[in-house]
1. From T89, T59, grab the single residue that is under 17 Å from the mean Cα position of the chain (by Cα), farther than 22 Å from L118 by Cα, β-branched (V, I, T) and in a helix (DSSP H, G or I).
2. Has segment 56-73 got at least one residue that is within 19 Å of M153 (Cα to Cα) and free of Cβ contacts under 8 Å to residues at least 24 places away in the same chain?
3. Check segment 114-129 and report whether any residue there is touching a Leu at 6+ places or on another chain (Cβ under 8 Å), assigned to a helix (DSSP H, G or I), of a type outside the set (K, R) and free of Cβ contacts under 8 Å to residues at least 12 places away in the same chain.
4. Taking the criterion of being surrounded by 14 or more Cβ atoms within 10 Å (Cβ to Cβ), over 23 Å from A133 (Cβ atoms) and in contact with an Asp or Glu (Cβ under 7 Å, 6 or more places away or on another chain), would at least one residue in segment 1-16 satisfy it?
5. Determine the pairs where a residue that is closer than 22 Å to M86 by Cα and modelled with pLDDT of 95 or more, located within segment 27-46, has a partner that is assigned to a helix (DSSP H, G or I) and acidic (D, E) with Cβ atoms under 8 Å apart, the partner being 6 or more residues away or on another chain.
Amino acid sequence: MADLTNMESKIGEVTGLAMAAKAATSKVITIARNDGHDELVAALEQMNSEAAETEERCTELAGTFDGKKTAILEEARETKEKAASMLRTYLDDDSDALDGYEFLTMAEAGEVGHWEILATMAESANAAGVLDATRWALPIQQRHFDHARATSMKLAADEDPHEEA
């Protein structure tokens, strides 16, 4: 398998995080519905759809690196599995919508950070295609983070802080 540069490896990571985001939002959709928070589902479905589009765009971007697509997508699968392991650890059968959104807040913050790092690398490398991808993805990831954080705060405010967990 081809050796990857730091930037190519980071492309694999953001691709894997997009893959993981699809699974995470699907899980939180189920939790939200089971917890009686149907009003949250539309935003989660949009996040899921945008994660799928991000994955597609990243896969296309990986294909622009001659002879490296397979290695980049292997990096993506490894990252996805790490994130999936965190999801399984954090969200169990007793998780509620707040737990789901707390997880999404952490995950989305991580995605924003990874995309910002990739943007910095792309600027240093003067990699136009990668810069285009980061300019497209960063506002979406920031919006996802802002939504997850704000919804977490709203759900937390609705909790009785004196009720036993």
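1. Exactly one of T89, T59 is under 17 Å from the mean Cα position of the chain (by Cα), farther than 22 Å from L118 by Cα, β-branched (V, I, T) and in a helix (DSSP H, G or I), namely T89.
2. Scanning segment 56-73 turns up no residue that is within 19 Å of M153 (Cα to Cα) and free of Cβ contacts under 8 Å to residues at least 24 places away in the same chain.
3. Yes: one or more hits.
4. Among the residues of segment 1-16, not one is surrounded by 14 or more Cβ atoms within 10 Å (Cβ to Cβ), over 23 Å from A133 (Cβ atoms) and in contact with an Asp or Glu (Cβ under 7 Å, 6 or more places away or on another chain), which makes the answer no.
5. Short answer, once both residue conditions are applied: I29/E45; I31/D99; A32/D38.
The values are calculated or read from the model by the stated rules, or taken from the named source; none is laboratory data. Keep in mind that what you see is a predicted model, and the values were worked out from it rather than measured. Here the Cβ is made from the backbone with ideal geometry for all residues, glycine too, and neighbour counts use every protein chain on show.
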